[in-house]
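The structure appears below as structure tokens.
The values are calculated or read from the model by the stated rules, or taken from the named source; none is laboratory data. Fair warning: this is a prediction, and the values are worked out from it, not measured in the lab. A quick note on method: Cβ atoms are made from the backbone with ideal geometry, for glycine too, and the neighbour counts reach across all protein chains shown.
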Amino acid sequence: MKHLLLALVLAGATSTAAFAQVVPAGTPPAPGTPTTNLILDAMLATARAASVNPNAAQSASLNSNAAIQRYNMGDVNGARAAAIQALIEANRLPYTSNPVLQSTIPQTSYLQTRPFPIAGGSVAALDANAFVAQARGAVAACTTVSSANTAAATQQLAAAERDAKAGRYQDVRTEARAAVDLCAAAQQQLNRRTP
């Protein structure tokens, strides 16, 4: 009667397919002693594991079967050890992979696909503006020293400024250098005077 009750409890705890995997081979012992109670607990844990973690239930089922067989052969210590191992296997947590967390922040590449915007428009425009600024400084030096080349340098500076606005940057470079060269002597003279 007790065996029938145990079989009904096991059948209620698991589905039919899982129950077929974990039914112990051999006659389970009658409850009443610590060893037999441990074996029966291992069998129940194996049946519960069948619905939660089928892989653990298979391992636990093998150990439960070994516990029953050892108990029926009279190896009480071996039966206890197998029953404890069945309980350990039946209570293993199912393997779950940790999901890879996806960022909710839009990702951008560190590799720039477009150049950074330049405040002056382009590198050539910035370069031309630098040459014009240098030519203005040179013309200012010519004016300060009252150089004879002031008029020619001023004409070259005006041409460089016109070409810079028109986008002819190569011409700007040439004209600005000419203005600087015309006022080079005035710049040196001014540099000697400045303490």
Can you tell me which residue in the stretch 43-98 is farthest from Pro28 (Cα to Cα), limited to those that are under 41 Å from the mean Cα position of the chain (by Cα) and of a type in the set (Val, Ile, Thr)? Thr96
Just give me the residues in the stretch 21-40 being modelled with pLDDT under 60 and either part of a loop (DSSP other than H, G, I, E, B) or basic (Lys, Arg) (or both), in sequence order. Val23, Pro24, Ala25
Only residues that are among the aliphatic types (A, V, I, L, M) and crowded, with 16+ Cβ neighbours inside 10 Å: list them for the stretch 66-80, please. Ala66, Ala67, Ile68, Ala79
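Select the helices (runs of 4 or more DSSP H) contained entirely in the stretch 99-187, then report the ones holding at least 1 residues which are surrounded by fewer than 18 Cβ atoms within 10 Å (Cβ to Cβ) and either modelled with pLDDT under 85 or in contact with a strand residue (DSSP E or B) (Cβ under 8 Å, 6 or more places away or on another chain) (or both).
The helices (runs of 4 or more DSSP H) meeting that bar are 123-145.
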